[in-house]
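Peer 1: The structure's right below; bear with me while I get my questions together.
The values are calculated or read from the model by the stated rules, or taken from the named source; none is laboratory data. Remember, it's a predicted structure, so these values are computed and weren't measured experimentally. Because the Cβ atoms are built from the backbone with ideal geometry, glycine has one as well, and the counts that use them run over all protein chains shown. Ligands, DNA and RNA are stripped out before the accessible areas are found, and what is left, the full protein with its side chains, is counted by its heavy atoms. Shrake-Rupley method; radii C 1.70, N 1.55, O 1.52, S 1.80 Å.
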Amino acid sequence: MKSTKSNIFRADVVGSMLRPKFLLDAQERLKKGEVSHAELTMAEDQAVKEAVTIQEKTGVDVVTDGEMRRPVFCHNFVKACDGFAWNVPGNTVVWFDMKGNQIVDPVTVGVVKRIEKKHDISVDEFSFLRGITDKPIKVTIPSPTMMSYYFVPGISDKIYPSPMEFLHEVTRILKEGVSELERIGVTYIQVDAPDFGMLIDPIQQEWFARKGFNPDALIHEGVDMINEALRGFSGTKALHICRGNDKNRFMAKGGYEKISRIVFKKARVDRLLLEFDSERAGDFSPLRHVLKDKIVVLGLITTKSPIMEEPQAIIRRIREASRFVPIERLALSTQCGFASVAKGNNLTFLDQEKKLRLVVSVAKRVWKNK
């Protein structure tokens, strides 16, 4: 798809927004049997309305529902399928705090039987959202390879002898979901792939290998599966890559060079939303591999800290990136969402609003005549 002003979206959002306390409380009370699913849905509806109001106030070019109905950013897929279970033992992943200290956390979801679609992904999210806003809407879905998180050796491999067989089944279900989203009117789909960010880092490459995946091959195969899932979708297609985002932590570090010749060239998407808020992401030189039919959305404003970036410093970095991608094919966003996991990063709602306003104000200054 050729980019036009209608789909450039200079001031973009990544997806998740901070959850209000009443929603977090309702989620906990549901676990205790103190509220019904209908009451939780009412809390989710209100939280979505508040998230949209914040985005509309700040003036971003496109809105999401803040992922309010998801415990984790990729759980719209988990909720859409049978075959996953909670509190599956033997599945952990390495995180790092902002000082670089390792933290080993359990991955609470696992594949325990062959997955089967219960309903199409995110239809309920979009159907509600389009009734409360006139702004362009984005729907976010996980990459197929993101579901590798939930493949548990010793359990999942009794169901799927090959972990790639599992990921291809995920791809098929995602593709069906994308077709349904287009049928009901979705015009912008973003694939979230922190797994590509993990595949940059040797520590996480070992993690994939222990699960039975070939880390180097998974980069190629992962792009092919994304292309297959999005094949036939006529709207704006985007790919977001970060290095993990949960309670002010990260999962990986390293520049994009290792994956750029594959992902930036092979992914059949219109937009690349790329994390660039810290030295962990490396420099802009891998952007030289981005094909001319793509917009690069620079994730220069962090959601991991309440400290506000200086507008002029952000503008300087945009100019630096324009050495590799012309400025007319650049846009701006935060580096990731504000709450990829329901608890969210340690920012206030005011911090969140200020960050989004910064995205908008800088975008207007840089691209005011473009």
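Peer 1: Looking only at segment 288-321, count every residue that is more than 20 Å from LYS355 (Cβ to Cβ), outside any helix (DSSP H, G or I) and open to solvent by 20 Å² or more (accessible area, probe 1.4 Å) and tell me the total.
Peer 2: 3
Peer 1: Follow-up question, since we're still on this one. May I ask you to list the residues in segment 325-370 that are within 15 Å of THR302 (Cβ to Cβ), assigned to a loop (DSSP other than H, G, I, E, B) and open to solvent by 40 Å² or more (accessible area, probe 1.4 Å)?
Peer 2: Those that are within 15 Å of THR302 (Cβ to Cβ), assigned to a loop (DSSP other than H, G, I, E, B) and open to solvent by 40 Å² or more (accessible area, probe 1.4 Å): ASN346, THR348.
Peer 1: Filter segment 238-254 down to the residues that are open to solvent by less than 30 Å² (accessible area, probe 1.4 Å) and farther than 16 Å from SER143 by Cβ, then identify the one that is nearest to the chain's Cα centre (by Cα).
Peer 2: Narrowing segment 238-254 to residues open to solvent by less than 30 Å² (accessible area, probe 1.4 Å): 238-246, 248-252, 254.
The next check asks that each one be farther than 16 Å from SER143 by Cβ; those that pass are 246, 248-250, 254.
Numbers: ASP246: 12, ASN248: 16, ARG249: 15, PHE250: 14, GLY254: 18 Å.
Among those that are open to solvent by less than 30 Å² (accessible area, probe 1.4 Å) and farther than 16 Å from SER143 by Cβ, it is ASP246.
Peer 1: Same structure again: For segment 275-284, does any single residue satisfy the condition of being part of a strand (DSSP E or B), in contact with a Phe, Trp or Tyr (Cβ under 9 Å, 6 or more places away or on another chain) and not acidic (Asp, Glu)?
Peer 2: No - not one qualifying residue is present in segment 275-284.
Peer 1: From ARG29, ARG69, ARG19, grab the single residue that is closer than 24 Å to GLY197 by Cβ and basic (Lys, Arg). Give the steps one after another, and end with the answer.
Peer 2: Working: ARG29 fails: closer than 24 Å to GLY197 by Cβ; ARG69 fails: closer than 24 Å to GLY197 by Cβ.
Unique residue meeting the criteria: ARG19.
Peer 1: Does segment 212-233 include one or more residues that are more than 20 Å from TYR150 (Cα to Cα) and basic (Lys, Arg)?
Peer 2: yes
Peer 1: Picking from ILE141, ILE103, which residue would you name as being in contact with a strand residue (DSSP E or B) (Cβ under 9 Å, 6 or more places away or on another chain) and modelled with pLDDT of 95 or more?
Peer 2: ILE141
Peer 1: What do you reckon, is LYS265 under 29 Å from GLU228 (Cβ atoms) and surrounded by fewer than 18 Cβ atoms within 10 Å (Cβ to Cβ)?
Peer 2: Yes: the conditions hold for LYS265.
Peer 1: A further question follows. Does segment 315-338 contain any residue that is without any contact (Cβ under 8 Å) to a residue 24 or more places away in the chain and under 25 Å from TRP95 (Cβ atoms)? Walk me through it before giving the result.
Peer 2: Just the residues of segment 315-338 that are without any contact (Cβ under 8 Å) to a residue 24 or more places away in the chain, to begin with: 316, 319, 322, 326.
With under 25 Å from TRP95 (Cβ atoms) added as a condition, the list becomes none.
Checking segment 315-338: not a single residue is without any contact (Cβ under 8 Å) to a residue 24 or more places away in the chain and under 25 Å from TRP95 (Cβ atoms).
Peer 1: State whether one or more residues within segment 316-334 are closer than 30 Å to LEU24 by Cβ and not polar (S, T, N, Q).
Peer 2: yes
Peer 1: Identify, from the list TYR160, TYR149, the residue that is surrounded by 14 or more Cβ atoms within 10 Å (Cβ to Cβ), closer than 18 Å to LYS343 by Cβ and out of contact with any Lys or Arg (no Cβ under 6 Å at 6 or more places or on another chain).
Peer 2: Testing whether each residue is surrounded by 14 or more Cβ atoms within 10 Å (Cβ to Cβ), closer than 18 Å to LYS343 by Cβ and out of contact with any Lys or Arg (no Cβ under 6 Å at 6 or more places or on another chain) leaves just TYR149.
Peer 1: Sticking with this structure for a sec: In this structure, does ARG10 turn out to be closer than 15 Å to GLY344 by Cβ, modelled with pLDDT of 95 or more, open to solvent by less than 40 Å² (accessible area, probe 1.4 Å) and among the basic types (Lys, Arg)? Spell out the reasoning first.
Peer 2: Numbers: closer than 15 Å to GLY344 by Cβ: no; modelled with pLDDT of 95 or more: yes; open to solvent by less than 40 Å² (accessible area, probe 1.4 Å): yes; among the basic types (Lys, Arg): yes.
Here the answer is no, as ARG10 does not meet what is asked.
Peer 1: On the basis of being part of a loop (DSSP other than H, G, I, E, B), more than 21 Å from VAL123 (Cβ to Cβ) and at pLDDT 95 or above, does ASP61 make the cut?
Peer 2: In short, yes.
Peer 1: If the requirement is being on the phi < 0 side of the Ramachandran plot and either within 21 Å of the chain's Cα centre (by Cα) or crowded, with 16+ Cβ neighbours inside 10 Å (or both), which of these qualifies: ILE103, ILE141? Full working, then the answer.
Peer 2: Numbers: ILE103 fails: either within 21 Å of the chain's Cα centre (by Cα) or crowded, with 16+ Cβ neighbours inside 10 Å (or both).
Within the list ILE103, ILE141, the selection yields ILE141.
Peer 1: Given the conditions (1) modelled with pLDDT of 95 or more; (2) in a loop (DSSP other than H, G, I, E, B); (3) open to solvent by 40 Å² or more (accessible area, probe 1.4 Å), report the number of the one that MET68 does not fulfil.
Peer 2: MET68 satisfies all of (1) modelled with pLDDT of 95 or more; (2) in a loop (DSSP other than H, G, I, E, B); (3) open to solvent by 40 Å² or more (accessible area, probe 1.4 Å) except (3).
Peer 1: Further question: Failed condition for MET98, given (1) within 22 Å of the chain's Cα centre (by Cα); (2) open to solvent by 50 Å² or more (accessible area, probe 1.4 Å); (3) among the aliphatic types (A, V, I, L, M); (4) modelled with pLDDT of 95 or more, with all others met?
Peer 2: (4)
Peer 1: Follow-up question, since we're still on this one. Condition first: among the β-branched types (Val, Ile, Thr), surrounded by 14 or more Cβ atoms within 10 Å (Cβ to Cβ) and assigned to a strand (DSSP E or B). Now tell me which residues in segment 71-95 satisfy that.
Peer 2: Matches in segment 71-95: VAL72, VAL93, VAL94.
Peer 1: Could you pull out the residue among ARG261, ARG249, ARG271 that is basic (Lys, Arg) and without any contact (Cβ under 8 Å) to a residue 60 or more places away in the chain? Reasoning before the result, please.
Peer 2: Values: ARG249 fails: without any contact (Cβ under 8 Å) to a residue 60 or more places away in the chain; ARG271 fails: without any contact (Cβ under 8 Å) to a residue 60 or more places away in the chain.
Of the residues listed, the single one that is basic (Lys, Arg) and without any contact (Cβ under 8 Å) to a residue 60 or more places away in the chain is ARG261.
Peer 1: Name the pairs: first residue in segment 195-208 and more than 10 Å from ILE219 (Cα to Cα), second residue part of a helix (DSSP H, G or I) and among the hydroxyl-bearing types (Ser, Thr, Tyr), Cβ to Cβ under 7 Å, at least 6 apart or on different chains?
Peer 2: PHE208/SER148
Peer 1: How many residues are exposed (fewer than 15 other Cβ atoms within 10 Å of the Cβ) and part of a helix (DSSP H, G or I) when one looks only at segment 21-40?
Peer 2: Of the residues in segment 21-40, 8 are exposed (fewer than 15 other Cβ atoms within 10 Å of the Cβ) and part of a helix (DSSP H, G or I).
Peer 1: Going through segment 189-237 one residue at a time, which ones are within 16 Å of the chain's Cα centre (by Cα) and aromatic (Phe, Trp, Tyr)?
Peer 2: PHE196
Peer 1: Take the residues of segment 165-212 that are over 24 Å from GLY66 (Cβ atoms) and among the small types (Gly, Ala, Ser): which is most open to solvent (accessible area, probe 1.4 Å)?
Peer 2: SER179
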